[in-house]
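Quick notes on the structure that follows.
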Amino acid sequence: MSNVVALKNYKASSPVLEQPSSVDNKQVQNQFWIDCLIKVAKTQDQASFQTLFAHFAPKIKTFFVKQGLSMQEAEELMQETFISVWRYADYFEANKGQVSTWIYTIARNKKLDYYRKTNRQVNTTEMVSEDIAVDAGEQFDLRMGQEVTAFLPQLPEEQLEVIQKVYFEELSHQKAADALNITLGTVKGRIRSAVNNLSKLMRGGL
Amino acid sequence: MSCNHHPAVESLLQHASGKTSGLQHLMIRLHCKVCDHCDKVVTEFESLGGETLESLSDTPLQVGAFQALMKRIQSNADVTEVDSNRSDYAHLIEKILGREGKADKLNWHWRTKRFAEIPLPTEDKGFDAKLIYFKKGMKVPRHTHRDKEYTLVLSGAFSDDSGEYKRGDYVYKTSHDEHSPVATSDCICLAVTTQPLKFTGTFGPVLNWFLN
(Lines give C-alpha, C1' and ligand atoms only; values in the text may rest on other atoms or scores of the structure.)
Protein backbone atom coordinates (compact mmCIF):
# COMPACT_ATOMS: atom_id res chain seq x y z
CA MET A 1 0.00 0.00 0.00
CA SER A 2 2.80 2.39 0.91
CA ASN A 3 4.23 1.86 -2.56
CA VAL A 4 0.98 2.95 -4.09
CA VAL A 5 0.94 6.15 -2.10
CA ALA A 6 4.60 6.75 -2.90
CA LEU A 7 3.89 6.31 -6.57
CA LYS A 8 1.00 8.75 -6.49
CA ASN A 9 3.15 11.31 -4.71
CA TYR A 10 5.90 10.71 -7.19
CA LYS A 11 3.53 11.34 -10.10
CA ALA A 12 2.17 14.44 -8.42
CA SER A 13 5.62 15.89 -7.86
CA SER A 14 7.34 14.78 -11.07
CA PRO A 15 7.76 17.50 -13.65
CA VAL A 16 5.95 17.36 -16.95
CA LEU A 17 8.50 15.75 -19.18
CA GLU A 18 6.92 16.29 -22.52
CA GLN A 19 6.26 19.78 -23.75
CA PRO A 20 2.90 20.15 -25.47
CA SER A 21 4.66 21.16 -28.66
CA SER A 22 6.50 17.86 -28.89
CA VAL A 23 3.22 15.99 -28.35
CA ASP A 24 1.68 18.08 -31.10
CA ASN A 25 4.61 17.39 -33.37
CA LYS A 26 4.26 13.70 -32.74
CA GLN A 27 0.61 13.84 -33.66
CA VAL A 28 1.28 15.87 -36.77
CA GLN A 29 4.03 13.44 -37.76
CA ASN A 30 1.80 10.43 -37.15
CA GLN A 31 -1.01 11.99 -39.17
CA PHE A 32 1.46 12.45 -42.01
CA TRP A 33 2.36 8.73 -41.91
CA ILE A 34 -1.33 7.83 -41.74
CA ASP A 35 -1.99 9.90 -44.86
CA CYS A 36 0.86 8.11 -46.63
CA LEU A 37 -0.57 4.72 -45.67
CA ILE A 38 -4.04 5.70 -46.83
CA LYS A 39 -2.65 6.70 -50.22
CA VAL A 40 -0.81 3.39 -50.45
CA ALA A 41 -3.99 1.52 -49.53
CA LYS A 42 -6.38 3.45 -51.78
CA THR A 43 -4.31 4.27 -54.86
CA GLN A 44 -1.16 2.15 -54.53
CA ASP A 45 0.72 5.43 -54.47
CA GLN A 46 4.42 4.61 -54.84
CA ALA A 47 5.68 8.06 -53.85
CA SER A 48 3.94 7.82 -50.46
CA PHE A 49 5.22 4.29 -50.04
CA GLN A 50 8.74 5.47 -50.78
CA THR A 51 8.40 8.23 -48.17
CA LEU A 52 7.45 5.64 -45.56
CA PHE A 53 10.24 3.38 -46.75
CA ALA A 54 12.89 6.12 -46.59
CA HIS A 55 12.01 6.88 -43.00
CA PHE A 56 11.29 3.44 -41.55
CA ALA A 57 13.33 0.92 -43.59
CA PRO A 58 16.78 1.87 -42.21
CA LYS A 59 15.36 1.76 -38.66
CA ILE A 60 13.74 -1.60 -39.26
CA LYS A 61 17.03 -2.93 -40.54
CA THR A 62 18.63 -1.74 -37.28
CA PHE A 63 15.81 -3.45 -35.36
CA PHE A 64 16.67 -6.80 -36.99
CA VAL A 65 20.41 -6.33 -36.49
CA LYS A 66 19.74 -5.69 -32.80
CA GLN A 67 17.93 -9.02 -32.67
CA GLY A 68 21.24 -10.66 -33.50
CA LEU A 69 20.59 -11.21 -37.21
CA SER A 70 23.19 -10.69 -39.93
CA MET A 71 23.12 -7.68 -42.27
CA GLN A 72 21.84 -9.91 -45.05
CA GLU A 73 19.07 -11.42 -42.94
CA ALA A 74 18.15 -7.95 -41.67
CA GLU A 75 17.91 -6.61 -45.25
CA GLU A 76 15.72 -9.52 -46.33
CA LEU A 77 13.38 -9.25 -43.33
CA MET A 78 13.16 -5.48 -43.80
CA GLN A 79 12.04 -6.13 -47.38
CA GLU A 80 9.48 -8.68 -46.23
CA THR A 81 8.21 -6.21 -43.64
CA PHE A 82 7.62 -3.62 -46.36
CA ILE A 83 5.96 -6.10 -48.67
CA SER A 84 3.45 -6.60 -45.84
CA VAL A 85 3.12 -2.84 -45.31
CA TRP A 86 2.22 -2.54 -49.00
CA ARG A 87 -0.18 -5.44 -48.98
CA TYR A 88 -1.91 -4.74 -45.69
CA ALA A 89 -1.93 -0.93 -45.66
CA ASP A 90 -5.71 -1.28 -45.83
CA TYR A 91 -5.79 -3.05 -42.49
CA PHE A 92 -4.18 -0.24 -40.57
CA GLU A 93 -6.80 1.31 -38.30
CA ALA A 94 -6.00 4.98 -38.13
CA ASN A 95 -8.02 5.42 -34.96
CA LYS A 96 -5.97 2.78 -33.21
CA GLY A 97 -2.75 4.68 -32.99
CA GLN A 98 0.69 5.16 -34.30
CA VAL A 99 1.94 3.99 -37.66
CA SER A 100 5.30 3.23 -36.04
CA THR A 101 3.57 0.79 -33.67
CA TRP A 102 1.83 -0.96 -36.54
CA ILE A 103 5.07 -1.30 -38.50
CA TYR A 104 6.82 -2.50 -35.35
CA THR A 105 4.30 -5.33 -34.91
CA ILE A 106 4.79 -6.43 -38.52
CA ALA A 107 8.57 -6.49 -38.08
CA ARG A 108 8.28 -8.32 -34.76
CA ASN A 109 6.07 -11.00 -36.33
CA LYS A 110 8.51 -11.38 -39.24
CA LYS A 111 11.26 -11.97 -36.71
CA LEU A 112 9.25 -14.60 -34.85
CA ASP A 113 8.38 -16.33 -38.10
CA TYR A 114 11.97 -16.34 -39.21
CA TYR A 115 13.15 -17.70 -35.87
CA ARG A 116 10.64 -20.51 -36.09
CA LYS A 117 11.57 -21.41 -39.65
CA THR A 118 15.26 -21.48 -38.83
CA ASN A 119 14.74 -23.24 -35.48
CA ARG A 120 16.27 -20.47 -33.47
CA GLN A 121 15.46 -19.94 -29.86
CA VAL A 122 13.64 -16.69 -29.15
CA ASN A 123 15.70 -14.75 -26.62
CA THR A 124 13.59 -14.13 -23.58
CA THR A 125 14.00 -11.40 -21.05
CA GLU A 126 15.00 -12.45 -17.59
CA MET A 127 11.86 -12.66 -15.45
CA VAL A 128 11.75 -10.68 -12.23
CA SER A 129 8.66 -12.35 -10.76
CA GLU A 130 9.39 -14.44 -7.72
CA ASP A 131 8.29 -17.55 -9.49
CA ILE A 132 10.75 -18.07 -12.31
CA ALA A 133 7.92 -19.75 -14.14
CA VAL A 134 7.13 -18.73 -17.66
CA ASP A 135 4.03 -17.17 -16.19
CA ALA A 136 2.52 -16.74 -12.79
CA GLY A 137 -0.98 -15.92 -14.04
CA GLU A 138 -3.37 -13.28 -12.83
CA GLN A 139 -6.86 -13.61 -11.60
CA PHE A 140 -9.23 -10.69 -11.37
CA ASP A 141 -12.72 -9.65 -12.24
CA LEU A 142 -13.26 -6.46 -14.07
CA ARG A 143 -16.05 -4.25 -12.93
CA MET A 144 -18.68 -3.55 -15.53
CA GLY A 145 -17.62 -1.01 -18.11
CA GLN A 146 -14.09 -0.87 -16.79
CA GLU A 147 -11.70 -0.02 -19.55
CA VAL A 148 -7.96 0.05 -19.76
CA THR A 149 -7.02 3.56 -20.60
CA ALA A 150 -3.46 4.52 -21.31
CA PHE A 151 -1.76 3.19 -18.24
CA LEU A 152 1.84 3.55 -19.36
CA PRO A 153 1.80 7.33 -18.71
CA GLN A 154 0.86 6.48 -15.12
CA LEU A 155 4.17 4.71 -14.56
CA PRO A 156 7.04 6.77 -13.15
CA GLU A 157 9.30 7.81 -15.99
CA GLU A 158 12.31 6.00 -14.51
CA GLN A 159 10.41 2.70 -14.50
CA LEU A 160 9.08 3.16 -18.00
CA GLU A 161 12.59 3.91 -19.24
CA VAL A 162 13.97 0.65 -17.82
CA ILE A 163 11.07 -1.38 -19.27
CA GLN A 164 11.73 0.13 -22.69
CA LYS A 165 15.46 -0.59 -22.56
CA VAL A 166 15.16 -4.15 -21.32
CA TYR A 167 12.14 -5.36 -23.26
CA PHE A 168 12.23 -3.36 -26.47
CA GLU A 169 15.83 -2.30 -26.97
CA GLU A 170 17.02 -5.82 -26.22
CA LEU A 171 19.50 -4.70 -23.60
CA SER A 172 20.57 -7.10 -20.86
CA HIS A 173 19.96 -5.87 -17.33
CA GLN A 174 23.67 -5.04 -17.07
CA LYS A 175 23.74 -3.11 -20.35
CA ALA A 176 20.60 -1.21 -19.36
CA ALA A 177 22.35 -0.33 -16.08
CA ASP A 178 25.38 0.95 -18.00
CA ALA A 179 23.24 2.92 -20.45
CA LEU A 180 21.28 4.62 -17.68
CA ASN A 181 24.27 4.99 -15.39
CA ILE A 182 22.61 3.16 -12.52
CA THR A 183 23.49 -0.08 -10.72
CA LEU A 184 22.34 -3.54 -11.74
CA GLY A 185 20.39 -3.75 -8.48
CA THR A 186 18.53 -0.55 -9.31
CA VAL A 187 17.62 -1.90 -12.77
CA LYS A 188 16.19 -5.05 -11.24
CA GLY A 189 14.41 -3.05 -8.55
CA ARG A 190 12.83 -0.71 -11.07
CA ILE A 191 11.66 -3.56 -13.27
CA ARG A 192 10.14 -5.27 -10.25
CA SER A 193 8.36 -2.05 -9.22
CA ALA A 194 7.20 -1.48 -12.80
CA VAL A 195 5.81 -5.00 -13.06
CA ASN A 196 4.02 -4.60 -9.71
CA ASN A 197 2.57 -1.26 -10.72
CA LEU A 198 1.53 -2.53 -14.15
CA SER A 199 -0.08 -5.50 -12.53
CA LYS A 200 -2.13 -3.18 -10.29
CA LEU A 201 -2.99 -0.93 -13.22
CA MET A 202 -4.15 -3.96 -15.18
CA ARG A 203 -6.50 -4.86 -12.36
CA GLY A 204 -8.10 -1.47 -12.66
CA GLY A 205 -5.97 1.18 -11.04
CA LEU A 206 -3.33 1.86 -8.47
CA MET B 1 -16.19 -10.10 -23.69
CA SER B 2 -13.54 -10.20 -21.04
CA CYS B 3 -12.14 -13.05 -19.03
CA ASN B 4 -11.47 -13.50 -15.34
CA HIS B 5 -8.17 -15.34 -15.55
CA HIS B 6 -5.30 -13.73 -17.37
CA PRO B 7 -1.61 -14.19 -18.14
CA ALA B 8 0.71 -12.29 -15.78
CA VAL B 9 1.55 -8.76 -16.85
CA GLU B 10 5.17 -9.79 -17.34
CA SER B 11 4.10 -12.43 -19.85
CA LEU B 12 2.09 -9.83 -21.76
CA LEU B 13 5.18 -7.64 -21.86
CA GLN B 14 7.25 -10.55 -23.16
CA HIS B 15 4.55 -11.23 -25.73
CA ALA B 16 4.35 -7.63 -26.95
CA SER B 17 8.11 -7.43 -27.26
CA GLY B 18 8.34 -10.58 -29.36
CA LYS B 19 9.82 -12.87 -26.76
CA THR B 20 7.19 -15.56 -26.60
CA SER B 21 7.24 -18.47 -28.98
CA GLY B 22 5.61 -21.83 -29.51
CA LEU B 23 2.86 -22.83 -27.12
CA GLN B 24 3.22 -19.82 -24.85
CA HIS B 25 2.85 -17.50 -27.82
CA LEU B 26 -0.19 -19.42 -29.04
CA MET B 27 -1.92 -19.40 -25.64
CA ILE B 28 -1.41 -15.69 -25.04
CA ARG B 29 -2.40 -14.80 -28.60
CA LEU B 30 -5.60 -16.80 -28.32
CA HIS B 31 -6.40 -15.43 -24.87
CA CYS B 32 -6.10 -11.90 -26.31
CA LYS B 33 -8.54 -12.82 -29.08
CA VAL B 34 -11.21 -13.34 -26.45
CA CYS B 35 -10.03 -10.92 -23.76
CA ASP B 36 -10.34 -7.28 -24.88
CA HIS B 37 -8.67 -6.21 -21.69
CA CYS B 38 -5.39 -8.06 -22.28
CA ASP B 39 -5.57 -7.25 -25.98
CA LYS B 40 -5.55 -3.55 -25.09
CA VAL B 41 -2.73 -4.03 -22.60
CA VAL B 42 -0.64 -5.75 -25.28
CA THR B 43 -1.46 -2.99 -27.78
CA GLU B 44 -0.31 -0.40 -25.30
CA PHE B 45 2.95 -2.26 -24.70
CA GLU B 46 3.41 -2.49 -28.45
CA SER B 47 3.33 1.28 -28.60
CA LEU B 48 6.61 1.17 -26.66
CA GLY B 49 7.93 -0.99 -29.48
CA GLY B 50 6.83 1.67 -31.96
CA GLU B 51 8.51 4.40 -29.96
CA THR B 52 11.68 2.36 -29.73
CA LEU B 53 11.62 1.78 -33.47
CA GLU B 54 11.37 5.55 -34.02
CA SER B 55 14.36 6.11 -31.76
CA LEU B 56 16.67 3.65 -33.54
CA SER B 57 19.55 4.90 -35.64
CA ASP B 58 19.59 4.14 -39.36
CA THR B 59 21.46 1.18 -40.85
CA PRO B 60 22.37 1.83 -44.49
CA LEU B 61 20.35 -0.25 -46.92
CA GLN B 62 21.71 -2.07 -49.94
CA VAL B 63 22.01 0.06 -53.07
CA GLY B 64 18.72 0.07 -54.97
CA ALA B 65 16.80 -1.43 -52.04
CA PHE B 66 13.55 0.38 -52.85
CA GLN B 67 13.67 -0.58 -56.54
CA ALA B 68 14.37 -4.18 -55.58
CA LEU B 69 11.41 -4.08 -53.21
CA MET B 70 9.02 -2.68 -55.84
CA LYS B 71 10.19 -5.32 -58.27
CA ARG B 72 9.34 -8.03 -55.76
CA ILE B 73 5.96 -6.48 -55.05
CA GLN B 74 5.10 -6.15 -58.73
CA SER B 75 6.19 -9.67 -59.55
CA ASN B 76 3.99 -10.81 -56.67
CA ALA B 77 6.95 -12.61 -55.20
CA ASP B 78 6.09 -15.31 -52.80
CA VAL B 79 6.53 -13.95 -49.36
CA THR B 80 5.94 -16.00 -46.30
CA GLU B 81 2.86 -14.58 -44.72
CA VAL B 82 3.03 -14.20 -41.00
CA ASP B 83 0.74 -17.05 -40.17
CA SER B 84 0.88 -19.30 -43.20
CA ASN B 85 3.42 -21.67 -41.75
CA ARG B 86 1.97 -22.23 -38.38
CA SER B 87 1.15 -25.73 -37.37
CA ASP B 88 -2.20 -27.14 -38.38
CA TYR B 89 -3.34 -27.59 -34.86
CA ALA B 90 -2.92 -23.91 -34.04
CA HIS B 91 -5.41 -23.26 -36.79
CA LEU B 92 -7.70 -25.95 -35.48
CA ILE B 93 -7.53 -24.66 -31.92
CA GLU B 94 -8.32 -21.16 -33.11
CA LYS B 95 -11.39 -22.51 -34.87
CA ILE B 96 -12.66 -24.22 -31.75
CA LEU B 97 -12.15 -21.01 -29.78
CA GLY B 98 -13.88 -19.06 -32.56
CA ARG B 99 -16.83 -21.44 -32.28
CA GLU B 100 -16.33 -22.53 -35.88
CA GLY B 101 -14.73 -25.87 -35.23
CA LYS B 102 -16.53 -29.14 -35.35
CA ALA B 103 -14.74 -30.41 -32.30
CA ASP B 104 -16.70 -33.65 -32.05
CA LYS B 105 -15.40 -34.75 -35.45
CA LEU B 106 -11.84 -34.79 -34.17
CA ASN B 107 -10.00 -37.96 -33.46
CA TRP B 108 -10.50 -37.94 -29.70
CA HIS B 109 -8.88 -40.65 -27.64
CA TRP B 110 -11.60 -41.50 -25.14
CA ARG B 111 -10.06 -42.37 -21.78
CA THR B 112 -13.37 -42.75 -19.98
CA LYS B 113 -16.95 -42.22 -21.11
CA ARG B 114 -16.76 -38.56 -20.32
CA PHE B 115 -13.13 -37.68 -20.75
CA ALA B 116 -11.09 -37.60 -23.96
CA GLU B 117 -7.84 -36.14 -25.13
CA ILE B 118 -5.70 -35.58 -28.19
CA PRO B 119 -1.94 -35.37 -27.61
CA LEU B 120 -0.40 -32.59 -29.68
CA PRO B 121 3.09 -32.69 -31.10
CA THR B 122 5.20 -29.82 -29.84
CA GLU B 123 8.65 -28.52 -30.53
CA ASP B 124 8.83 -26.89 -27.13
CA LYS B 125 11.28 -28.97 -25.16
CA GLY B 126 10.06 -30.06 -21.75
CA PHE B 127 6.41 -29.30 -22.53
CA ASP B 128 3.52 -31.65 -23.18
CA ALA B 129 0.48 -30.32 -24.96
CA LYS B 130 -2.93 -31.85 -25.39
CA LEU B 131 -6.48 -30.98 -26.14
CA ILE B 132 -8.80 -32.26 -23.48
CA TYR B 133 -12.53 -32.75 -23.63
CA PHE B 134 -14.62 -33.27 -20.54
CA LYS B 135 -18.33 -33.83 -20.75
CA LYS B 136 -20.59 -31.86 -18.45
CA GLY B 137 -20.43 -33.17 -14.89
CA MET B 138 -17.12 -34.97 -15.41
CA LYS B 139 -14.96 -34.60 -12.35
CA VAL B 140 -11.23 -34.94 -12.74
CA PRO B 141 -9.81 -36.80 -9.72
CA ARG B 142 -8.01 -34.62 -7.21
CA HIS B 143 -4.49 -33.94 -8.41
CA THR B 144 -1.51 -31.67 -8.10
CA HIS B 145 0.96 -30.88 -10.84
CA ARG B 146 4.48 -32.17 -10.72
CA ASP B 147 5.55 -28.86 -12.13
CA LYS B 148 3.41 -26.36 -14.02
CA GLU B 149 0.16 -26.55 -15.93
CA TYR B 150 -1.26 -23.90 -18.23
CA THR B 151 -4.81 -24.27 -19.43
CA LEU B 152 -6.67 -22.21 -21.97
CA VAL B 153 -10.41 -22.82 -22.00
CA LEU B 154 -11.49 -23.06 -25.64
CA SER B 155 -15.17 -23.75 -25.12
CA GLY B 156 -17.51 -24.56 -22.28
CA ALA B 157 -16.47 -24.13 -18.67
CA PHE B 158 -15.10 -25.91 -15.65
CA SER B 159 -14.72 -25.00 -12.03
CA ASP B 160 -12.62 -25.88 -9.01
CA ASP B 161 -12.20 -24.58 -5.46
CA SER B 162 -10.78 -21.28 -6.74
CA GLY B 163 -13.49 -20.39 -9.20
CA GLU B 164 -15.04 -20.96 -12.57
CA TYR B 165 -13.09 -20.93 -15.79
CA LYS B 166 -14.79 -20.01 -19.04
CA ARG B 167 -13.94 -19.63 -22.70
CA GLY B 168 -10.72 -17.67 -23.12
CA ASP B 169 -9.64 -17.96 -19.50
CA TYR B 170 -5.95 -18.56 -19.01
CA VAL B 171 -5.32 -20.73 -15.98
CA TYR B 172 -2.01 -21.43 -14.35
CA LYS B 173 -1.43 -24.10 -11.69
CA THR B 174 1.75 -25.23 -10.01
CA SER B 175 2.78 -28.11 -7.81
CA HIS B 176 1.33 -26.16 -4.86
CA ASP B 177 -2.19 -26.16 -6.27
CA GLU B 178 -4.17 -29.28 -5.58
CA HIS B 179 -7.57 -29.26 -7.23
CA SER B 180 -10.33 -31.42 -8.60
CA PRO B 181 -11.92 -29.60 -11.52
CA VAL B 182 -15.48 -30.35 -12.59
CA ALA B 183 -16.84 -29.55 -16.04
CA THR B 184 -19.84 -27.27 -15.58
CA SER B 185 -20.68 -27.67 -19.28
CA ASP B 186 -19.07 -29.72 -22.07
CA CYS B 187 -15.61 -28.27 -21.99
CA ILE B 188 -12.61 -28.26 -24.34
CA CYS B 189 -9.26 -26.99 -23.14
CA LEU B 190 -5.76 -26.68 -24.45
CA ALA B 191 -3.56 -27.97 -21.65
CA VAL B 192 0.17 -27.53 -21.53
CA THR B 193 2.13 -29.17 -18.75
CA THR B 194 5.80 -29.29 -17.98
CA GLN B 195 5.38 -32.69 -16.33
CA PRO B 196 2.52 -35.20 -16.25
CA LEU B 197 -0.19 -34.61 -13.63
CA LYS B 198 0.17 -36.36 -10.30
CA PHE B 199 -3.04 -37.83 -8.91
CA THR B 200 -3.25 -37.64 -5.14
CA GLY B 201 -6.63 -39.22 -4.19
CA THR B 202 -7.24 -42.78 -2.99
CA PHE B 203 -6.91 -44.17 -6.48
CA GLY B 204 -4.05 -41.82 -7.24
CA PRO B 205 -1.35 -44.45 -7.72
CA VAL B 206 -3.58 -46.45 -10.08
CA LEU B 207 -4.61 -43.39 -12.08
CA ASN B 208 -1.02 -42.19 -12.30
CA TRP B 209 -0.07 -45.51 -13.79
CA PHE B 210 -3.14 -45.70 -16.01
CA LEU B 211 -3.22 -42.19 -17.47
CA ASN B 212 0.44 -41.29 -17.61
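The values are calculated or read from the model by the stated rules, or taken from the named source; none is laboratory data. Everything quoted here is computed from the prediction, not taken from an experiment. Backbone-built Cβ (ideal geometry, glycine too); neighbour counts: all protein chains shown. Note: areas computed on protein heavy atoms with side chains; ligands, DNA, RNA excluded. Shrake-Rupley method; radii C 1.70, N 1.55, O 1.52, S 1.80 Å.
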| Counting only protein heavy atoms and using a 1.4 Å probe, what share of the accessible area of the range A:152-202 belongs to carbon plus sulfur, as a whole percent? | 46 percent
| request: Provide the gained length on full extension for the span A:GLU158 to A:MET71, in nm with one decimal, where the gain is 0.36 nm per separating residue minus the Cα-Cα distance. | output: 28.0 nm
| request: Determine the total buried accessible area between chain A and chain B, counting protein heavy atoms only with a 1.4 Å probe; round to the nearest 100 Å². | output: 6800 Å²
| Label-point separation in nm, B:HIS176 to B:TRP110, each point 7 Å along Cα→Cβ | 4.0 nm
| field | Options A:CYS36, A:TYR88, A:GLN46, ranked by Cα towards positive dipole end of the range A:21-117, top entry (Cβ charges) | value | A:TYR88
| How about the range A:152-168: which of its residues lose at least 40 Å² of accessible area in the presence of all protein chains relative to their chain isolated, using a 1.4 Å probe? | A:LEU152, A:GLN164, A:TYR167, A:PHE168
| query | Relative to the Cα centre, what is the charge dipole magnitude of the range B:10-169, using +1 at the beta carbon of each Lys and Arg, -1 at the beta carbon of each Asp and Glu, and rounding to the nearest 20 debye? | reply | 1100 debye
| said: Let me cross-check B:ASP160: its accessible surface, 1.4 Å probe, with only protein heavy atoms counted, in Å² to the nearest 10? | reply: 20 Å²
